[in-house]
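One structure below.
The values are calculated or read from the model by the stated rules, or taken from the named source; none is laboratory data. If you're wondering where the values come from, they're calculated on a predicted model, not measured in any experiment. Cβ atoms come from the backbone with ideal geometry, glycine included; neighbour counts cover every protein chain shown. Protein only, heavy atoms only, side chains kept; ligands, DNA and RNA dropped before computing areas. Shrake-Rupley method; radii C 1.70, N 1.55, O 1.52, S 1.80 Å.
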Amino acid sequence: MPNVSILIPLALPGPYDYAVPLHMAVAPGSIVRVPLGSRQVYGVVWGEAEGDAPAHKIKPIIALCDVPPLAEELRQFVDWVANYVMAPPGAVLRQVMRVPQAFAPPKPLSVLAPGAPPEKMTAARRRVYEALAERGAMAASELARAAGVSASVVKTLAQGGYLTAHEMPGDKHFPHPDATHQRLDLSAQQKAVADSLAESVMAQGFTPHLLDGVTGAGKTEVYFEAIAAALEADKKALILLPEIALTGQFLERFEARFGCPPALWHSGLTAAERRRTWREIAENRVEVLVGARSALFLPWRDLGVIIVDEEHDGGFKQEDGVIYNARDMAVVRSRLAACPVILSTATPSLESYVNARDGRYVAHRLTARHGAALLPEIELVDMRAAPPPQGAWLVPQMVAQVGAAIDRDEQALLFLNRRGYAPLTLCRACGHRYACPACDAWMVEHRFRKQLQCHHCGHMEPVPQNCHSCGEADKLAACGPGVERITEEIIGHFPEARTIVLSSDMGGVAAQREAIQRIGAGEADIIVGTQIIAKGHDFAKLSFVGVVDADLGIGNGDLRAAERTYQLLSQVAGRAGRRAERQGFAMLQSHSPEHPVLQALVSGDRDSFFEREIAARQLAEMPPFGRLAALIVSATNPQEGLAFVRQMAAKMPPHKEIRVLGPAPAPMARIRNRYRYRFLLKASRQAPLQGYIASWLKPFKPRGSVRLSVDIDPYNFL
Ligand code: ADP
Ligand code: ZN
């Protein structure tokens with residue numbers, strides 16, 4: 001056996017050669033243990049050796065792991081992503097190799113099976129036997145959970161010999177979703193799209209689809225049919241969701257359709273769940289998984305379809321470590337797996353919209369809400385003409401609409417995409433403004449927690465009594481509203497109503513999930529929320545949506561400000577009136593109601609708005625008609641950072657299709673005490689952007705406190 005090259009999941013320049021010991025049957029993709037300096041690390045056989053050193057000169061592989069080799073398409077994906085985002089391939093491989101506990105076969109599992117039942121049968125004990133009859137042998141802890149009894153009930157039964165212990169090899173497998181479990185009656189329009197998607201899945205081969213349907217059109221039900229087709233073809237399905245931890249409702253619908261829940265992949269899994277899930281996928285036994293963006297890097301073998309739900313969502317962009325856009329990489333992953341990919345949304349990203357318009361993606365439209373439900377009516381309130389009363393943020397009409405919804409026994413949602421109580425705190429005596437000591441950002445007051453917090457680095461301090469600057473007591477003023485302040489105001493109007501606040505810093509994910517469940521169950525009258533409330537949730541009783549500040553975000557001045565605001569507001573408004581019994585209504589407070597984004601929302605003429613945006617982007621050769629990349633240099637020592645960007649600027653190669661803007665201090669010039677400088681590269685579509693960056697950066701090794709990161713197709717312009 002010749003030497004092989006092995007890629008190690010670390011940010012090294014490339015694979016290293018190792019010798020294969022006699023009798024060790026490695027194949028491309030095999031996971032192995034190798035020496036690296038004085039350490040032992042995992043690695044993956046990547047290909048033939050690159051050097052020509054004789055075998056005795058290079059170090060041998062230590063061990064071959066007992067796990068199926070990584071498929072060729074996954075290895076190609078790692079190389080492709082590394083090339084595209086300009087990250088070391090080992091750093092990308094690390095996304096695959098995050099769960100080393102899964103590289104060895106699972107330990108045998110000790111499970112309990114029913115024995116002769118005891119004479120004394122309590123209700124709890126009966127439930128234990130019922131759970132076993134229904135689901136088969138289980139580990140003690142799982143059995144207690146399944147039966148809804150305390151651990152001691154199970155333990156006593158086991159000790160009395162009424163349950164018998166067995167060793168079961170390996171992990172418990174995930175249940176099998178049943179393609180035919182419960183088909184819904186689809187409308188003619190839904191059926192046409194579902195059939196076409198299912199056909200594409202059955203035909204196999206790479207085909208990108210854009211499923212573009214209004215909120216409440218039943219996109220989920222439609223793409224479920226593509227999943228059913230994959231199951232019938234004995235292929236696997238992967239669904240990417242932007243807020244996977246908050247999707248209890250989605251899981252219920254999946255279970256209703258397929259008879260069991262899907263496998264999950266997100267940051268909230270326990271280490272044990274993570275290990276089991278990775279291993280089961282490596283063994284090709286997971287049929288449908290719903291996951292966050294990193295699920296793209298799981299060791300899939302037989303992908304039959306990938307679905308990206310809410311494809312426009314900025315949350316698909318991973319902003320640290322390996323910087324990539326999971327929506328775009330899902331398309332690449334499908335191409336390498338030779339399967340269709342379905343991008344689903346009510347408000348496509350401009351990129352996907354153009355791809356569909358120009359025929360690169362197959363376009364499917366769902367133009368009506370399911371059943372008799374209508375899209376919400378949208379009304380703009382001109383805040384210049386009729387501002388809210390002094391000290392308030394809600395105009396009287398808005399408050400009246402909330403009251404009317406409560407009177408009808410329906411729900412009202414007030415939306416403001418700003419956490420906390422107030423975005424700025426200042427001293428009325430001396431004018432001092434509270435800023436983060438580590439970032440160029442104001443401290444945000446969180447009144448429920450009695451803290452000031454920086455939303456960029458998380459720095460917190462108690463709300464001071466006396467001004468830090470002039471020492472005056474009780475002179476601090478909160479400027480502007482956040483969700484907490486709106487909550488305070490609305491509770492003042494409706495003290496009897498049940499009000500729930502929902503934002504990402506209200507308790508952990510579990511608390512948020514519970515709040516969403518309670519809202520869905522009708523246990524709230526008023527919901528005040530940030531963007532986490534905007535996504536995908538289906539609240540049957542919600543009929544009124546009030547947007548506190550529709551201008552927020554439009555003025556950001558970045559490339560996608562208008563597009564994003566449109567997406568967010570139409571998603572939020574789309575929460576209203578999703579059932580035929582309730583016509584939805586949305587009211588938007590604005591200081592610039594003539595703005596095209598807001599006009600497009602009111603008129604419902606999305607496509608004209610998109611066409612205008614497209615024309616503007618085309619003229620400016622901005623994405624998707626040109627390409628962008630950002631080079632961010634940061635340093636704790638600003639002189640060091642500045643010297644580095646100056647050297648870079650001096651060596652900037654000329655190119656007729658690539659323009660470099662900068663270096664300039666980044667718009668957020670300091671985050672976590674790091675000073676930041678930015679180059680923005682603007683290139684034509686054909687220009688060899690990555691090659692250009694690679695040759696420019698080649699001589700530069702960041703030293704001292706300097707760090708350099710490359711962001712291809714940036715979304716974040718801070
Ligand atoms: P979207 O994802 O397009 O916003 P959903 O898939 O969430 O829409 O569907 C909206 C609601 O309508 C859900 O409660 C869904 O179960 C229901 N629904 C959609 N299509 C059907 C159908 N054909 N039969 C029954 N209910 C449907
Ligand atoms: Zn900070």
Could you compute how much accessible surface Arg285 exposes when probed at 1.4 Å, giving the result in Å² to the nearest 10? 90 Å²
Can you list residues from other chains, or at least 5 along the same chain, whose modelled amide H is less than 5 Å from the amide H of Asn673? Cys439
Applying the gyration tensor rule to the Cα atoms of the range 564-646 (axes a ≥ b ≥ c; rounded if a/c under 1.5, else prolate if a/b exceeds b/c, else oblate), the class is prolate
Order of 709-715, 270-276, 310-316, 31-37 by packing, highest average Cβ count within 10 Å first? 310-316, 709-715, 31-37, 270-276
Relative contact order of the chain: what whole-number percent is it, with Cα pairs under 8 angstrom and at least 6 residues apart? 11 percent
The cysteines in the chain that find no other cysteine Cβ closer than 4.7 Å to their own Cβ are Cys65, Cys260, Cys339, Cys457, Cys479
So, in nm, how far is label Arg408 from label Glu514 when the simple model puts each one 7 Å beyond its Cα toward the Cβ? 3.1 nm
Give, as a single signed number, the net charge of other residues whose beta carbon lies under 11 Å from the beta carbon of Ile8, with Lys and Arg counted +1 and Asp and Glu -1. +3
The long-range amide H neighbours of Thr164, using H built 1.01 Å from N in the peptide plane and a cut-off of under 5 Å, are Ala113, Gly115
Ignoring ligands and nucleic acids, what accessible area does Ile378 show with a 1.4 Å probe (Å², nearest 10)? 40 Å²
Only helices counted: for the chain, with every DSSP H run of 4 or more residues adding -39500 (n - 2.57) and the sum spread over all residues, [θ] at 222 nm is -9500 deg cm²/dmol
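Based on the alpha-carbon gyration tensor of the range 3-97 and its eigenvalue square roots a ≥ b ≥ c, which shape applies: rounded if a/c is under 1.5, prolate if not and a/b is larger than b/c, or oblate?
Since a/c reaches 1.5 and a/b is larger than b/c, the shape of the range 3-97 is classed as prolate.
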Accessible area of the chain with a 1.4 Å probe: how many percent of it is carbon plus sulfur? 53 percent
Checking the cross-link filter: which aspartates and glutamates have an alpha carbon closer than 14 Å to that of Lys57, excluding same-chain neighbours under 8 positions apart? Asp17
Less than 15 Å apart at the alpha-carbon level, and either on another chain or at least 8 residues along: which aspartates and glutamates does that give for Lys475? Glu445
Considering the zone a paramagnetic label at Arg447 would reach in this model (a point 7 Å from Cα along the Cα-to-Cβ line), which residues of the range 390-415 have amide N under 16 Å from it? 390-394
The answer for Leu380, listing residues at least 5 apart or on another chain whose modeled amide H is closer than 5 Å to its amide H, is Leu588
Please figure out what share of the DSSP beta bridges in the range 3-97 is antiparallel and state it in percent, rounded to the nearest 5. 95 percent
Pairs Lys120/Lys172; Lys450/Lys541; Lys191/Lys235; Lys191/Lys236; Lys651/Lys682: which exceed 27 Å Cα-Cα? Lys120/Lys172; Lys450/Lys541
In order over the range 7-21: 3J(HN,Hα) from phi, Karplus 6.51/-1.76/1.60, θ = phi - 60°, whole Hz, x for each Gly or Pro, gives 8, 10, x, 9, 6, 9, x, x, x, 10, 7, 9, 8, 9, x
Using 7 Å Cα-to-Cβ label points, what is the Met202/Asn637 separation (nm, one decimal)? 6.8 nm
As an exercise, use a Förster radius of 51 Å and the Cβ-Cβ distance of Cys479 and His56 to find the FRET efficiency, rounded to the nearest 0.05. 0.10
Round to the nearest 0.05 the FRET efficiency obtained for Ile491 and Glu581 when R0 = 30 Å and r is the Cβ-Cβ distance. 0.60
Under a straight-distance cross-link criterion of Cα-Cα below 23 Å, which lysines are reachable from Lys535, leaving out those fewer than 8 residues away in the same chain? Lys219, Lys317
With every protein chain left in place, what is the accessible area of Arg617 in Å² (1.4 Å probe, nearest 10)? 10 Å²
Ranked packing of 58-64, 234-240, most packed first, by mean Cβ within 10 Å: 234-240, 58-64
If you take every DSSP beta bridge fully contained in the chain, what fraction is antiparallel? Give it as a percent rounded to 5. 55 percent
Dipole of the chain (Lys/Arg Cβ +1, Asp/Glu Cβ -1, origin at the Cα centre): which of Pro702, Pro177, Ala521 lies farthest to the positive side? Pro702
Could you tally the net charge around Arg384, taking each other residue with its Cβ under 15 Å from the Cβ of Arg384, Lys/Arg +1 and Asp/Glu -1? -4
For the chain, what is the accessible area per residue in Å², given a 1.4 Å probe and the full set of protein chains? 43 Å²
Just to check I understand the Karplus step: with θ = phi - 60° and J = 6.51 cos²θ - 1.76 cosθ + 1.60, what whole-Hz values come out for the range 467-478, glycine and proline as x? 4, 4, 8, 10, x, 4, 8, 6, 10, 6, 10, 8
Sum up the charges of everything whose Cβ sits under 14 Å from the Cβ of Leu628, counting Lys and Arg as +1 and Asp and Glu as -1, but leave Leu628 out. +1
How much length is gained if the chain between Ala649 and Asp538 is pulled fully straight, taking 0.36 nm per residue apart and subtracting their Cα-Cα distance, in nm to one decimal? 34.9 nm
Ignoring ligands, DNA and RNA, how do Thr164, Thr277 rank by accessible area with a 1.4 Å probe, largest first? Thr164, Thr277
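Pull out a ≥ b ≥ c, the square roots of the eigenvalues of the alpha-carbon gyration tensor of the range 348-467, then state rounded if a/c is under 1.5, prolate if not and a/b is larger than b/c, and oblate in the remaining case.
oblate
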Mean separation of Cα contacts under 8 Å (6+ apart) over length of the range 109-168, as relative contact order %: 52 percent
